[in-house]
Amino acid sequence: MLEKLSEEERELLPTAEEVAFYSEHGWYLTRKLFTDDEVDELAEASERFYAGQRDRELPLRPPKLAYWEPAHGAVQRHNDYVHYESDAIARILRKPVLGAVAARLARADEMRIFQSTLIYKPPKPNEPSNVVPWHFDRHYWSSCTSENMLTAFIPFHHCDEQMGTITMVDGSHAWKETGSDDTTVKHFAERDNEDLEQKLARNAEFNNTDVRKIPMIIPKGHMSFHHCRTYHGSGANRSDRPRRAISFHLQDGANQYRRFELSDGSVVSYNHDVLVRQTPDGRPDYADPTYCPVIWSESH
């Protein structure tokens with residue numbers, strides 16, 4: 001049963017002017033949605049996770065799963081499906097006000113989890129894996145029907161440029177692309193950083209605009225949201241402590257699986273496709289409550 005918002009939580013929702021800002025710019029910084037205690041619990045639960053604690057494990061590992069393990073060393077850590085494997089983290093991520101903020105930004109009646117990735121960026125300025133090149137998430141979600149999906153970036157502390165915070169390319173969600181090729185469905189870790197930088201510049205030129213990079217300065221308990229077509233990335237962590245966060249991908253209630261073919265005739269797949277239940281017509285069900293639970297609904 002989904003909880004209703006309190007009067008205090010309703011005050012945290014974006015205003016009509018802020019929703020219009022998101023529609024124009026492709027990003028939004030929230031008010032304080034999580035208490036300090038909730039943020040501290042996320043950090044503590046992440047440490048237990050890294051130490052090997054799981055409430056449950058995926059029944060199988062999809063082929064493109066991001067899943068750091070201690071043997072990988074002091075690189076940037078990415079662990080998908082943390083909302084499935086850790087109940088402590090899931091409880092906080094499913095706080096209704098977060099879903100309500102996302103729904104208002106996306107102008108949707110319902111929000112479901114699509115994916116959650118636990119991220120740890122070590123305080124190593126020269127570590128190559130710490131740099132996240134320019135990309136937008138919709139490229140990886142070609143098997144989705146929705147154009148309204150969005151992502152919350154949730155740091156476990158005050159997060160600024162020194163820590164390598166997420167940086168948005170202002171207004172880029174509204175750009176038309178110069179053209180796409182099959183490489184765009186590959187994760188940025190599989191592609192050349194310089195190529196992605198050049199692609200960003202070409203797309204800006206094609207749209208007769210400049211690349212305006214906006215670093216998100218995010219106080220503890222706050223978070224940023226960005227549209228699924230907003231270019232974003234992040235730099236090195238130059239601070240003396242790790243940058244801890246969750247990238248929380250959300251889908252509106254209308255989103256479904258669609259068959260998407262590449263030029264060679266192969267079909268794009270997402271990690272969910274081998275995990276979720278099937279719809280009556282045999283498609284992966286992106287509304288499977290086991291992996292993609294509803295976190296907000298106007299009709300509850």
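Every number here is computed from the coordinates shown, using simple stated rules; none is lab data. The structure displayed is predicted, hence computed values, not measured ones. Cβ placement follows ideal geometry from the backbone for every residue including glycine, while neighbour counts extend to all protein chains displayed.
Data for the structure
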item: Hz values of 3J(HN,Hα) by residue in the stretch 9-15 - Karplus curve (6.51, -1.76, 1.60), Gly and Pro given as x; result: 5, 4, 5, 8, 6, x, 6
item: Under 21 Å, Cα to Cα: Lys pairs in the chain, sequence gap 8 or more or different chains; result: 14
item: Value of [θ]222 nm, deg cm²/dmol, for the chain, DSSP H segments ≥ 4, -39500 (n - 2.57) each, nearest 500; result: -6000 deg cm²/dmol
item: For the stretch 157-174 and the stretch 27-90, distance of Cα centres in Å; result: 20 Å
item: Largest to smallest principal axis extent of the C-alpha atoms in the stretch 7-297, angstrom; result: 47, 46, 46
item: Residue-wise HN-Hα coupling along the stretch 75-82, computed from phi with Karplus coefficients 6.51, -1.76, 1.60 (Hz; x: Gly, Pro); result: 9, 5, 9, 10, 10, 6, 6, 5
item: Residues listed by number, the stretch 1-20, amide nitrogen under 20 Å from Arg91 label point at 7 Å toward C-beta; result: 1-6
item: Karplus-derived 3J(HN,Hα), 6.51/-1.76/1.60, for each residue of the stretch 203-213, Hz, glycine and proline x; result: 5, 5, 4, 4, 9, 6, 9, 9, 8, 9, 8
item: Leu12-Ala254 FRET efficiency (beta carbon distance; Förster radius 22 Å; 0.05 resolution); result: 0.35
item: Under-5 Å amide H pairs with Met168, H placed in peptide plane, nonlocal only; result: Ile214, Met216
item: Local electrostatic count, Tyr120, Cβ distance below 12 Å [Lys/Arg +1, Asp/Glu -1]; result: +4
item: Extension gain, Glu205 back to Thr279 (0.36 nm per residue minus Cα-Cα distance, nm); result: 22.4 nm
item: Modelled label reach - Arg48, point 7 Å along Cα→Cβ, the stretch 67-82 residues with backbone N closer than 16 Å; result: 82
item: Cut-off under 5 Å, modelled amide H: who pairs with Thr279 long-range; result: Asp285
item: Backbone N within the stretch 151-169 under 20 Å of label point (7 Å from Val19 Cα along the Cβ vector); result: 151-152
item: Cβ-placed point charges (K, R +1; D, E -1), dipole of the stretch 1-107 about Cα centre in debye, nearest 20; result: 540 debye
item: Other-chain or far-sequence residues with amide H under 5 Å of Phe114's (modelled H); result: His249, Leu250, Gln251
